[in-house]
Structure formats: structure tokens, C-alpha cells
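Take a look at the structure below.
The values are calculated or read from the model by the stated rules, or taken from the named source; none is laboratory data. Treat the numbers as computed from the prediction; the structure is a model and nothing was measured. Because the Cβ atoms are built from the backbone with ideal geometry, glycine has one as well, and the counts that use them run over all protein chains shown. All accessible areas refer to the heavy atoms of the entire protein, side chains included, with ligands and DNA or RNA removed. Shrake-Rupley method; radii C 1.70, N 1.55, O 1.52, S 1.80 Å.
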Amino acid sequence: MASPSPRRPSPALQQAAGLLDSEQAGLLIAATSDLSLVVDERGIIRDTSAGRSDFEGQGIESWLGRPWIDTVTVESRPKIDALLRDAAPGTITRWRQVNHPSPTGTDLPIRYATLRPQKDGPIIVVGQDLRSVAALQRRLAEAQQALERDYDRLRTAETRYKLLFQLSGEPVLVIDAGTRRVTEINPAAMRLLGRSLKRVVGGDAADLFDAGSLRELETLFAGLRVTGQATDLVVPLNGGRGDVRVSASLFRGEGTTSVLMRLAPLAPVTPERVEFNGGALDIIQRMPEGFVVTDAARRILTANTAFLDLTQHATEEQVRGRTLDNWLGREETEALSLFAMLRDYGSVRHFPTSMRGQYGSLEEVEVAAVATSHAEQPCFGFTVRATPRRAAPVHAGGGVHDLPRSVEQMTELVGRVSMKALVRETTDLIEKLCIEAALRITRDNRASAAEMLGLSRQGLYAKMRRYGVGDLDANDPELTP
């Protein structure tokens, strides 16, 4: 594709420019550009002028006498060739963005255009600083990555919820609080009601019960909408399938209000027998996330292959009958806290902990769990997901001396590491960073750095030796005891 032709100024602008002498034209160029250069016919920079004070420390003064093309990064060289080639009298070239290596370690992005007042004469280069634009682009990219990570976490959480909802032995329905329409039902509820998914989802929840219970159900839903709570009911199912205890609770999600309804049969019912699909068992075994079911005493009933990998066992028989506390949690209190929350609330999401392998491995994990306390055999179901190792965030400054741990990461260690160890680690980290900063500011002048930090020179040397900062001269008299 052909590149756009250079732009020519309008006749009115040409007439106005003719009124300016060389000094006034130079002042105008310096005032309207962030950076201006004068380049001779061989491409050598003969003069530089920065319209902004924040270019100090970027090494622009070292460009004088050097080929313009040698001051940019490799990928920007073809753009410099095009800017020099297209410069001609009476026109200004198209703008092109190039990057200059900077002593700060972060490239300096500049948007350039060139013009040549006279044929075979010097070239005037006008530039616009794009650092603010680059910072915005970087923040936009970081925000996009954060959104993608949040979306992945939400999708994973939804998958875990769906799995636990489908595998729960307790009959559960999700009902729209405003319309009383059933939006979700799990297999246990379908077996209890003797109805298929298509016959239940979208229908009125009151149709699942005997017609004589309609007034009680309307009172239950009205109480939920007003107070968010309702007393349990004992009502008969439609079709003479026995009485059930109905427990309901209100929750909000995705801008709507829904009712979580649990059904507990009071007498044995005779629904048609549905065998658990062997294919579903195979799916659970092949899941990339650990899945384990325990009884009320925390003894393992079944576990999939991913869980065995985390615990470093070869077969399910090696873990069956043993308590989950043997591998879950860095401290015993973590497992106890998880089971306590399960008994109190019935489910737990995003519980950060760790898995200890049989042979010493340690893996940071995130646990989601659900309790089926109303089932015939109360049990707990867990999904165990390895926590991805997060890359350190990129700050606008782009420095290499950013803190290796955020406050959030430090607080996540509470309960796993003693407060004394956390404070000691944080203190050592801050001391090391302060010493490095003082040496950098004083250009490795040890005496000035010690005075800046309020330390004696021997005290500074002791801490430098402790943290491995800088090179110590063994002949320095200050190191002699």
C-alpha cells in the first residue's frame, strides 16, 4: 500500500510564514513542538532544542554530532530513513512514531515530522512527546489483562458452582423471586419430583406441590420478598409423592433476586430409579482440578486423579478413609476453619490454603466446598484448584526496585506464618531497599549514604554485608574491627 503523500501548507499559511524571519521561525518551531532537531544533508544532528524541562536525564544532549538514525532503536530505523527521504521544500512529511533508548531504562517515544526549507539544505525535525500516551496505553493494557483475569476467575467459579450443584445429593431448586418461575434444578430434585428438566424449568414453583399448599407457599414467597427470611414449611408434593420440608433463602446475583429452595423428604418416596451415569464419574476422574468427597468426620470417601497428584499418591485406596487434614492446610487451624465455615454456612468459595504432598511438596491452592447435611449420608464436597503464580504488576515507573510483595499478598499469609516472622521479613526488605536507594542517590558514596540513613559507616557496612548489597572493599579501614 502506497504511503500518504507529504502535506503542503495552505496559501494563507504560506503568506503568514513569509512574514517571519529566521529567528522568529525558530522561536515558533520551539514553542509548538516538545523537541526539535536540525539535521544536515548527511543525517547528522547539528542542533537540539527541548520545549519541556522533563527531558532532562534522557541523554538528548549526547545526540549532537551523531547520525540521527543511530539515536533510535532498531525497529525505528526504517522510519528515520523515510523521514529523511521524504523531506522536501514546501512540504511537511507524515508523522511517524520512533523510540529512543534512554539512560532510565525505558524507551523515549517521540512522534516526528520533517521539513526541508531549501533544497539540499538542512532538515528541520519537529517532535511530540508521547510518554503520556504510552503510559495511558500501558494502563489500558494492564486494565484489559485484569479484566481477563477476573473473567477467568468468574468463569472458573461458575464451573465449580455448576459442578457442585449438579453433584449435590440434596434436592435444590433456584427460583426467580418475582415471578416464582424455576430457573435451575439439580438431578437430586428431579429424582425426588419424578420430572425431567424441561418439565420443571420455566414453570411455576407452586405447581410442584399439592394445590392445597398454595396459600402457604404464597405466604413463604411474600415473607422472603419483604424480610429476606421465611419459616420452613412441611407440604406434600404434587402427585402423591410424599411430604417434604421446604427451606428457602433469598439471594441476589446479576441484578436479579432469586430464591434457593431446598427440599428434604420426611418419608421414603419411590421415585423411578436413576442410575448415576458412569460417564459423569469418568469426567470427574479426568477433571484438571482436584475433587474429593469426605464424610462428616472429614474422612475421604472418594477422590479423583488430580487430587491424588496434589497429595503425591498413586491410587485412591491410599487416601480413602484418611482425614483430609493430613494434606490440607499449612497449619492445622486452616482445615479446622474450613470445616467450621462449611458447618455454619453450608458452602465456602475462594478459600486460599495449601496442599502438602506425601513426599514434602507444597502447593498453594484455592478451595470451594459444599456441605450436604440434609442428605441421607451427610458429606462434604471439595474442589481444589492450584493457584496460578501471578506475575509482579508493572508500575508506571517501570523500576526494578518495586516491592516484591503487595499488602494483599502479605495479608494472605496471616494465619500461615507467625506475625513475628512477617514483621521481620518486611523490616529486612525495607532496610535493604532503603540502603539501595541511598547508594543510588549518592552514586555509591558510602559516607553520604550512611549520613542520609542516620547510620554510622560501620553500621552501614554491616547491613550491606548482611543483605548482599554493593561491593565491599576488604582494604577499607572502616571494615577493620
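Overview of results
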{"read-out": "Residue in the range 432-440 that is over 30 Å from residue 352 (Cα atoms), modelled with pLDDT under 65 and among the charged types (D, E, K, R) present", "value": "no"}
{"read-out": "Residue satisfying condition, being closer than 14 Å to residue 125 by Cβ and surrounded by fewer than 14 Cβ atoms within 10 Å (Cβ to Cβ), within set 86, 81", "value": "81"}
{"read-out": "Residue that is at pLDDT below 85, exposed (fewer than 15 other Cβ atoms within 10 Å of the Cβ) and not assigned by the TED database to the domain that holds residue 347, where the choices are 163, 154", "value": "154"}
{"read-out": "Candidates 202, 178 - the one that is under 17 Å from residue 253 (Cβ atoms) and assigned to a loop (DSSP other than H, G, I, E, B)", "value": "178"}
{"read-out": "Selection within the range 434-462 - open to solvent by less than 40 Å² (accessible area, probe 1.4 Å) and part of a helix (DSSP H, G or I)", "value": "435, 437, 438, 439, 446, 449, 450, 459, 460, 461"}
{"read-out": "Checking residue 372 against (1) at pLDDT 85 or above; (2) touching a Cys at 6+ places or on another chain (Cβ under 6 Å), the condition it does not meet", "value": "(1)"}
{"read-out": "Residue count for the range 47-60, restricted to those that are small (Gly, Ala, Ser), open to solvent by 20 Å² or more (accessible area, probe 1.4 Å) and assigned to a loop (DSSP other than H, G, I, E, B)", "value": "2"}
{"read-out": "Long-range neighbours under 7 Å by Cβ, at least six apart or interchain, first residue of a type in the set (Phe, Trp, Tyr) within the range 340-352, second part of a strand (DSSP E or B)", "value": "351/366; 351/367"}
{"read-out": "Residue within the range 309-324 that is open to solvent by less than 20 Å² (accessible area, probe 1.4 Å) and touching a Ser or Thr at 6+ places or on another chain (Cβ under 7 Å) present", "value": "yes"}
{"read-out": "Index of the failed condition, residue 85 passing every other in (1) closer than 19 Å to residue 106 by Cα; (2) modelled with pLDDT of 85 or more", "value": "(1)"}
{"read-out": "Residue match in the range 105-114 (condition: open to solvent by less than 30 Å² (accessible area, probe 1.4 Å), among the small types (Gly, Ala, Ser) and in the same structural domain as residue 55 (by the TED database))", "value": "yes"}
{"read-out": "Count of the range 125-146 residues which are open to solvent by 60 Å² or more (accessible area, probe 1.4 Å) and either farther than 26 Å from residue 67 by Cα or of a type in the set (Asp, Glu) (or both)", "value": "10"}
{"read-out": "Any chance residue 204 is over 27 Å from residue 377 (Cβ atoms), in the same structural domain as residue 236 (by the TED database) and surrounded by fewer than 15 Cβ atoms within 10 Å (Cβ to Cβ)", "value": "yes"}
{"read-out": "Residues located in the range 115-124, provided they are within 22 Å of residue 100 (Cα to Cα) and open to solvent by 70 Å² or more (accessible area, probe 1.4 Å)", "value": "122"}
{"read-out": "So residue 268, is it within 30 Å of residue 312 (Cα to Cα), in a loop (DSSP other than H, G, I, E, B) and either at pLDDT 85 or above or not hydrophobic (A, V, I, L, M, F, W, C) (or both)", "value": "no"}
{"read-out": "Count of the range 80-112 residues which are assigned to a strand (DSSP E or B) and among the aromatic types (Phe, Trp, Tyr)", "value": "1"}
{"read-out": "Residue, modelled with the lowest pLDDT, within the range 22-46, restricted to residues that are among the acidic types (Asp, Glu) and open to solvent by 80 Å² or more (accessible area, probe 1.4 Å)", "value": "23"}
{"read-out": "Within the range 214-231, considering residues that are exposed (fewer than 15 other Cβ atoms within 10 Å of the Cβ) and outside any helix (DSSP H, G or I), the one nearest to the chain's Cα centre (by Cα)", "value": "228"}
